[in-house]
Amino acid sequence: MPESSDDLMKKIVSLCKRLGFVYQSGEIYGGLQSAWDYGPLGVELKRNLKNSWWEEMVSHRPDVVGMDSAIITHPEVWVGSGHVEHFHDPMVDCLECKARFRADGLESEVCPNCGGRLTDPRDFGLMLKTHFGAVEDDSAVVYVRPETCQSIFVNFRNVANATRQTLPFGIAQIGKAFRNEITARNFVFRSREFEQMEMEFFCLPEETDRWMEYWAEQRIAWYVSLGMDPDHLRLRAHASDELAHYAVQAVDIEYTFPFAPGGWGEMEGIHNRTDYDLKAQMELSGKDLRYDDKLSNRKILPHVVETSGGVDRTVLALLLDAYHEDEIEGRTRVVLKLSRELAPIKVAVLPLSRKLQDRAREVEKLLRPHWPVFFDVTGSIGKRYRRMDEVGTPFCVTYDFDSIDDGCVTIRERDSLEQIRVPIDDLIEEIDRLMTTGWGRS
């Protein structure tokens with residue numbers, strides 16, 4: 001591993017740009033601060049991550065259903081949720097260098113950039129506004145959603161009626177959210193446009209403590225299942241003075257982000273939101289959002305346990321956790337030890353010589369319907385192996401001159417560097433076994 005935290009972050013940022021995971025948005029024009037574009041490898045990693053979350057939270061469970069809501073939401077939703085009233089941060093300006101900071105993140109009354117004098121704190125609204133319709137006046141102001149969960153609350157009765165779910169049950173959503181952060185920094189950890197994986201679990205009030213404990217255990221176990229080191233994860237309960245306005249209890253899943261104060265940074269939050277949101281939206285709209293319980297013949301306003309994770313933060317944590325350096329034959333090898341489930345490229349097909357590329361292409365065509373495959377014929381076979389190690393490809397398939405006669409290819413495993421020789425006719429079956437059970441021979 002790199003010697004220092006700063007060194008590690010610099011290497012991750014450089015790797016992301018060079019290999020096609022993440023680029024700064026609008027870089028040719030100087031870049032847009034805290035806006036990021038995901039390249040060919042990054043978009044695959046992100047897609048694999050979201051697919052894993054959806055399967056874990058929705059597809060494999062009978063008690064959670066999904067939805068996908070509009071990004072531009074009716075403005076009254078954010079009045080009802082309390083965002084218009086509460087969603088502000090205290091901001092200060094430096095009178096010397098004109099930099100801006102969150103006041104609650106500063107340890108002194110002088111500018112951390114230049115040591116200059118700071119202004120008194122003032123409220124800074126975190127929601128992004130736009131206009132809906134032909135006239136740009138106050139009557140046309142709408143908000144770009146700062147979170148995905150409120151649309152779940154306002155659609156609660158619609159979903160409950162359509163799916164006929166019985167309490168307890170959850171509604172899940174993955175989608176973009178936007179916050180006008182004062183200081184967005186630390187690569188994709190904090191940005192103004194980000195993606196959330198959220199699930200709202202509706203239950204009886206007396207069951208919230210049990211479900212809080214259940215979901216905290218389930219969620220941290222999922223991160224471990226992605227290949228993260230358990231020693232790099234922890235659960236941290238919120239103190240009463242740091243709870244959000246909607247929560248009476250909260251637990252964060254934190255990761256050892258190198259830049260985080262105290263060494264730990266939030267990756268996901270589990271919150272007991274009580275009936276705050278449903279009650280607030282029901283009172284403002286005048287619409288009945290209670291659950292109609294046919295078994296007890298009564299209407300119930302459920303309480304909610306929320307799990308809310310950041311896609312972009314998780315991508316960063318996965319890259320940090322997977323990054324390794326080792327020494328092979330006197331040379332440093334960089335390898336991303338991403339899980340087989342998440343790796344953007346599953347298999348690389350590498351002909352030993354350009355003379356073999358036409359035959360090797362047939363192997364590529366054989367594999368491509370089953371997995372994301374990369375074909376590479378440029379450079380020595382050693383350099384090509386290293387390139388695949390660096391992007392996290394679990395398996396390389398080498399077609400050599402012996403393959404012409406024996407109809408076999410060599411499979412190389414990323415982490416152990418071990419190799420096995422298998423017939424091309426058995427290649428799909430063998431790689432499928434390796435993807436499922438790992439490298440150990442059955």
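Looking at segment 398-437, which of its residues are touching a residue at least 40 places away in the same chain (Cβ under 8 Å) and in a loop (DSSP other than H, G, I, E, B)? Before you say what the answer is, go through the steps one by one.
Keep residues of segment 398-437 that are touching a residue at least 40 places away in the same chain (Cβ under 8 Å), which gives 398-401, 403-404, 409, 414-415, 417, 424, 427-428, 431-432, 434-435.
Result: 400, 414, 415, 417.
Which residues, counting only those in segment 239-255, are surrounded by 16 or more Cβ atoms within 10 Å (Cβ to Cβ) and either without any contact (Cβ under 8 Å) to a residue 60 or more places away in the chain or over 30 Å from residue 342 (Cβ atoms) (or both)? It would help to see each step written out before you state the result.
At the first step, the residues of segment 239-255 found to be surrounded by 16 or more Cβ atoms within 10 Å (Cβ to Cβ) are 246-247, 249-255.
Within segment 239-255, 246, 247, 249, 250, 251, 252, 253, 254 qualify.
Can you pull out the residues in segment 279-320 that are in contact with a Leu (Cβ under 9 Å, 6 or more places away or on another chain) and among the hydroxyl-bearing types (Ser, Thr, Tyr)?
Once the filter is applied, which keeps residues that are in contact with a Leu (Cβ under 9 Å, 6 or more places away or on another chain) and among the hydroxyl-bearing types (Ser, Thr, Tyr), segment 279-320 yields 291, 314.
Determine, yes or no, whether residue 185 is touching a residue at least 60 places away in the same chain (Cβ under 8 Å) and assigned to a loop (DSSP other than H, G, I, E, B).
Yes; evaluated as a whole, the condition is true for this residue.
Those residues that are among the aromatic types (Phe, Trp, Tyr) and in a strand (DSSP E or B), I need them from segment 134-164; list them, please. Talk me through it step by step, then tell me what you get.
Step one: list which residues in segment 134-164 are among the aromatic types (Phe, Trp, Tyr), which gives 143, 153, 156.
143 - this is the single residue of segment 134-164 that is among the aromatic types (Phe, Trp, Tyr) and in a strand (DSSP E or B).
Restricting to segment 347-359, give me the number of residues that are touching a strand residue (DSSP E or B) at 6+ places or on another chain (Cβ under 7 Å) and in contact (Cβ under 8 Å) with a residue 40 or more places away in the chain.
Within segment 347-359, the first condition is being touching a strand residue (DSSP E or B) at 6+ places or on another chain (Cβ under 7 Å), and the residues that meet it are 347-352, 356-357, 359.
Checking the rest, the ones that are also in contact (Cβ under 8 Å) with a residue 40 or more places away in the chain come to 347-352, 356, 359.
Adding up the residues that qualify gives 8.
Considering segment 260-301 alone, what residues qualify as being among the hydrophobic types (A, V, I, L, M, F, W, C) and loosely packed, with under 15 Cβ neighbours inside 10 Å?
Within segment 260-301, the subset among the hydrophobic types (A, V, I, L, M, F, W, C) is 260, 264, 267, 270, 278, 280, 282, 284, 289, 295, 300-301.
284, 295, listed by residue number.
Of all residues in segment 307-332 being under 23 Å from residue 257 (Cα atoms) and assigned to a strand (DSSP E or B), which is modelled with the lowest pLDDT? Show your work before the answer.
Step one: of segment 307-332, the residues under 23 Å from residue 257 (Cα atoms) are 307-326.
Remaining after also requiring assigned to a strand (DSSP E or B): 307-310, 323-326.
Numbers: 307: 98, 308: 97, 309: 96, 310: 96, 323: 96, 324: 95, 325: 94, 326: 90.
So the residue we want is 326.
If the requirement is being part of a helix (DSSP H, G or I) and of a type in the set (Val, Ile, Thr), which of these qualifies: 335, 363?
363
The values are calculated or read from the model by the stated rules, or taken from the named source; none is laboratory data. The structure displayed is predicted, hence computed values, not measured ones. Cβ: placed from backbone, ideal geometry, glycine included. Neighbour counts: every protein chain shown.
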